[in-house]
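Please treat every number below as a calculation from the coordinates, not as lab data. Bear in mind the structure is a predicted one, so any value in this text is a computation, not a measurement. We place every Cβ from the backbone using ideal geometry, glycine too, and count neighbours over all the protein chains shown.
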Amino acid sequence: MALSSIKRILVGITGGIAAYKAAELVRLLVRQGIDVQVVMTQAACHFITPVTLQALSGKPVFTDLWDDRIDNGMAHIEFSRDADAILIAPASADFLAKITHGMADDLLSNICLARSCPLMVAPAMNVQMWENPATRRNVAQLKRDGVIVLGPDSGDQACGDTGMGRMLEPETLLDAIDASQQPKLLAGKKVLITAGPTFEAIDAVRGITNLSSGKMGYAIARAAIEMGAEVTLVSGQTSLKSPHGANLVKVTTTQQMLSAVMENLQDRDIFIGVAAVADYYVLNPSEQKIKKDAHILTLELAPNPDILANVVSLPDPPFCVGFAAESENLYEFAEHKRRRKNLPLLAANLIQDAFGGDESELILLDDKGAHPLPRAPKLTLARQLLKHVAGMLKEQKSATAQPITEQS
Ligand code: C5P
């Protein structure tokens with residue numbers, strides 16, 4: 001269930017200092033147009049008041065199994081019946097233990113036991129409590145029971161310790177819900193992605209680069225991880241945060257990017273070249289800053305290697321995907337590039353869409369023709385692109401499967 005398919009959610013808050021983050025979480029959910037019903041445990045009310053959550057959710061908050069505001073007196077059944085999903089955030093060690101064993105001694109645990117919708121928990125506790133074998137067992141059992149465990153994160157804790165047990169930040173939690181629901185179409189696949197611009201030095205402070213933000217490549221890395229792939233991201237200089245779970249290799253020049261790709265290519269199933277690679281490098285960059293004078297300065301440029309072409313021409317290449325940003329005649333130029341580069345799949349977009357923005361639109365080109373992906377956030381396009389790749393890999397596999405012959 002992606003966040004977009006949740007219309008009504010029950011947010012359960014249990015007793016922990018991270019309960020204050022639930023206020024922001026509820027605000028973000030409401031802002032997305034989701035109907036939020038908050039239920040709190042008695043312990044949670046020591047950390048944050050129901051009035052705060054009532055103001056943010058716009059609905060009365062329930063804390064008591066014996067609350068008589070529900071007509072039939074069965075709040076636990078009514079609430080779990082109404083919700084598309086239940087999210088417990090924060091989920092304390094005690095509450096996790098309780099629901100692992102099917103205990104139901106308060107309103108929230110009753111709702112969890114009576115549910116017929118997905119249950120998600122965002123654990124939050126001290127690092128020792130998180131690492132305690134009892135909690136480890138409980139979390140493992142909850143996962144086996146189909147409960148979606150989101151986080152926790154590691155870092156500074158309210159108690160002064162540092163380690164695993166911090167509740168995911170509200171924005172990250174919403175992303176994690178989305179991610180947990182992506183189909184695992186690339187489970188077990190190893191994916192290598194290049195992203196961002198490369199940079200070729202002119203002197204000690206200047207260089208040749210381009211406007212690539214790296215956003216598309218990073219979105220593809222994130223989407224591939226969500227779909228179960230093991231991802232190495234070879235990235236030029238960007239200001240982006242590495243997607244959680246990616247093996248990030250930072251490079252500057254095209255030559256460094258080529259070396260990093262070749263070093264990380266072994267056993268890769270898929271290679272996606274999203275990087276906007278500098279096609280030329282400066283033959284004799286100055287080690288010192290070049291002084292300004294009145295003369296014309298001539299730079300001698302030599303062509304850089306084509307990383308994608310190097311990968312495609314290997315004896316047993318991975319499935320290769322190229323990107324092409326064109327300023328005109330998008331389809332013709334891109335399809336020509338796909339054939340020239342001998343690529344099974346190429347994603348093409350217009351220059352004005354390719355650099356910097358959070359949204360884009362793509363045309364996927366393969367042997368079957370053109371598959372337009374309408375304007376959308378880059379993460380959405382990344383997911384659609386990878387779905388297409390997974391489909392092509394599946395077709396390839398069934399096409400190469402040996403026919404079963406009868407043995408005499
Ligand atoms: O030929 P063009 O640069 O437009 O091709 C774009 C595709 O080739 C992209 O996938 C890009 O990452 C890749 N490329 C590369 N090495 C280069 C130039 C482009 O891997 N030197």
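Here are some notes:
- Across all directions, the average projected area of the convex hull around the alpha carbons of region 63-172 is 7.4 nm².
- Using only Cα coordinates, the Kirkwood hydrodynamic radius of region 46-96 works out to 12.7 Å.
- For the options VAL51, VAL121, VAL205, a Gaussian network treatment of the chain with springs between C-alpha atoms closer than 10 Å singles out VAL205 as fluctuating the most.
- For MET40, distant residues with modelled amide H under 5 Å away: ILE13, PHE62, THR63
- The mean of 1/r over all distinct Cα pairs in region 256-401, once inverted, gives the Kirkwood hydrodynamic radius of 17.4 Å.
- Its residue count N sets the reference 2.2 N^0.38 Å, and the alpha-carbon radius of gyration of the chain equals 1.21 times that reference.
- Between the amide H of THR253 and those of PHE199, distances stay under 5 Å, these residues lying 5 or more places away or on another chain, with hydrogens modeled in the peptide plane.
- By the beta-carbon count within 10 Å of each Cβ, the least crowded to most crowded order of THR14, THR172, THR135, fewest first, is THR172, THR135, THR14.
- By the count of neighbouring beta-carbon atoms within 10 Å, fewest first, MET164, MET227 end up ordered MET164, MET227.
- Sparsely packed trypsin sites (Lys or Arg not before Pro) within region 1-103, loop by DSSP, other Cβ within 10 Å at most 16: LYS7, ARG69
- Vicinal HN-Hα couplings computed from phi for region 105-111 (Karplus, 6.51 cos²θ - 1.76 cosθ + 1.60; Hz; Gly/Pro x): 10, 8, 4, 5, 5, 4, 4
- Structure note, pairs LYS189/LYS387; LYS189/LYS250; LYS215/LYS291; LYS21/LYS387; LYS7/LYS190: Cα-Cα distances above 25 angstrom occur for LYS215/LYS291; LYS21/LYS387; LYS7/LYS190.
- Nearby aspartates and glutamates by direct alpha-carbon distance to LYS289 (threshold 14 angstrom, same-chain neighbours under 8 apart not counted): ASP203
- Taking other C-beta atoms within 10 angstrom as a stand-in for reagent exposure, GLU335, GLU263 fall in the order GLU263, GLU335, fewest first.
- Straightening the chain between LYS387 and ALA55 buys 115.4 nm, computed as 0.36 nm per residue apart minus the Cα-Cα spacing.
- Partner aspartates and glutamates for LYS241 [C-alpha distance under 20 Å; skip if fewer than 8 residues away on the same chain]: ASP153, ASP156, GLU169, GLU171, ASP175, ASP178, GLU226, GLU230, ASP358, GLU359
- In this structure the amide hydrogen of SER213, modeled in the peptide plane, comes within under 5 Å of the amide hydrogens of GLY356, none closer than 5 places in sequence on its chain.
- Across region 290-297, rounded Karplus estimates of 3J(HN,Hα) from the backbone phi angles (6.51 cos²θ - 1.76 cosθ + 1.60, θ = phi - 60°) give 6, 6, 6, 9, 7, 7, 6, 9 Hz, Gly and Pro being marked x.
- With the simple model of a label 7 Å out from the Cα in the direction of the Cβ, GLN128 to ALA302 spans 6.2 nm.
- For region 57-90, applying the loop criterion from DSSP together with a ceiling of 10 other beta carbons within 10 Å to the chymotrypsin sites (Phe, Trp or Tyr not before Pro) yields TRP66.
- Using a Förster distance of 30 Å, the FRET efficiency for ILE70-ALA43 (Cβ separation, nearest 0.05): 0.85
- Pairs of Cα atoms farther than 22 Å apart, region 324-408, %: 35
- Loop-located trypsin sites (Lys or Arg not before Pro) in region 203-284 (DSSP state not H, G, I, E or B) with no more than 10 neighbouring Cβ atoms inside 10 Å: LYS241.
- Taking Lys and Arg as +1 and Asp and Glu as -1, the other residues whose beta-carbon sits under 13 Å from that of ASP64 total -3.
- Stretch gain in nm, segment GLU287-ARG339, where the contour uses 0.36 nm per residue and the Cα spacing is subtracted: 14.7 nm
- Highest mobility in the GNM of the chain, judged by mean-square fluctuation with C-alpha springs under 10 Å and restricted to ASN310, ASN72, ASN342, is found for ASN72.
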